[in-house]
Amino acid sequence: MGSRGQHVINKFVSFVELNIFLQAFEHSVHCLYIVHFLRFPVDGTETVDDLIQKVEDASGVFARHQRLIFRGKMLERGSNMDESKLKDGSKVMLMASSTTATQVLNAHLSSMFRSLAKQKVCLCLQERAAVWGKTGVATIRDAGVAEVPSQLWDLGESLRAADLGGNRLTCLPSNIASLKSLTRLRLSGNRLVSEGVPWAQLAALTQLTVLALDHNKLTDISDGVRALQSLQSLNLAHNSLTQLPAAVGQLTALRRLDLRNNQLQSLPDQLGSCSALKELDAAENTLTALPESVGRLQKLRSLLLDKNRLKGVPAAVLRNCGALATLTLHGNPMTVEQLRESDGFAEFNARRCAKHDKQLEMQVFALSGGFDEGADQVQWQSWGAAPKK
């Protein structure tokens, strides 16, 4: 009979393997399933009552609620191991005979599993910390931790990159300031809230070039972000941001800014001061207008604005962004016809066509059968409808 999980107790002479099943006899529950098994040291002179007491001590199920089954028969109290034909490695089933006992057993096993899992994570982290010290790269991804492991702080300035994505972090401790050599910090897919990000301490990370805070619960970003002067990539996608601070305009080294899937209604004019910006993704927000200052971004190559509420694009953006060759506006009120008629479109279109040699698809317009111009051909076009020819 199959089993999952194992917790071994050092045996003495011989042992009985106890398979734990859950079933509430009082309510005629027919679902019977194994959830764990334990090993108990036994002696040939011990009785079934001794085994029952050991089970109670280990599982929390009172002796009166236990049913120990061996080879299809319930073990009789008072009989010894030999009389019950129990031998080294015998498999015995434990069935809790009441709803309360089942709940106790469930709670005990859950606690034991959590404890074992925590011990395993701690042991694993201790082993991996030695490697982190040699490589300068710490990866604690998808480990389910709710706080940053202490092993990380022990590395201090030897740490260059840290990946803490896919955990249950709600805040970042001020100790982060001790990692002064950190260049890459990934905190994606946690439960971080705005108050849990210590921007004042992050300011100490003067070498930080990549910061990923996507897929968290942030509602705003502090003006303290201005201190990250080396930052080249900032990912804030999939949060609940309602505004972006003007201070972001002071990130003059920033090359990539991802704001996708937030609740932004506007972008700050100061964004136009991010002179190194090459990629801006503000898709899936509620933007109603794009600031004219974006037209000052001479290095901007990709501007993704799908699924907003834009009715137009400033002429300064189309005409003056000399590197802009990718512009997507799908899911906005603006149609491709309106885009073509926009002031500055001719200049933008020349760059776009030059980049793709008038033959390559931009692959940003799912419904287009030809060269994509970056916007929907028919306003509010229904899914699957054929485009106009």
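Please determine whether any residue of the stretch 295-304 is hydroxyl-bearing (Ser, Thr, Tyr) and not in a strand (DSSP E or B). No: zero hits.
For the residues Leu290, Leu327, Leu277, the requirement of being closer than 17 Å to Leu259 by Cα, part of a strand (DSSP E or B) and in the same structural domain as Asn239 (by TED's automatic domain parsing) singles out Leu327. When Ala289, Ala346 are checked against the criterion of being within 24 Å of Pro268 (Cα to Cα), small (Gly, Ala, Ser) and either in contact with a Gly (Cβ under 8 Å, 6 or more places away or on another chain) or modelled with pLDDT of 60 or more (or both), a single residue qualifies: Ala289. Quick one: is His238 out of contact with any Asp or Glu (no Cβ under 6 Å at 6 or more places or on another chain), in the same structural domain as Ala289 (by TED's automatic domain parsing) and on the phi > 0 side of the Ramachandran plot? No, not satisfied. When restricted to residues that are closer than 16 Å to Ile176 by Cβ, touching a helix residue (DSSP H, G or I) at 6+ places or on another chain (Cβ under 9 Å), not basic (Lys, Arg) and not in a helix (DSSP H, G or I), the stretch 137-160 contains 6. Of all the criteria given as (1) modelled with pLDDT of 90 or more; (2) in a loop (DSSP other than H, G, I, E, B), the one not satisfied by Val317 is (2).
Is one or more of the residues making up the stretch 223-230 under 24 Å from the mean Cα position of the chain (by Cα) and surrounded by fewer than 20 Cβ atoms within 10 Å (Cβ to Cβ)? No, the stretch 223-230 has no match at all.
Of the residues making up the stretch 126-149, those that are among the basic types (Lys, Arg) and either modelled with pLDDT of 90 or more or surrounded by 12 or more Cβ atoms within 10 Å (Cβ to Cβ) (or both) are Arg128, Arg141.
The values are calculated or read from the model by the stated rules, or taken from the named source; none is laboratory data. Given the structure is predicted, the values throughout are model-derived calculations rather than measurements. Please note: Cβ atoms are built from the backbone with ideal geometry, for glycine as well, and neighbour counts cover all protein chains shown.
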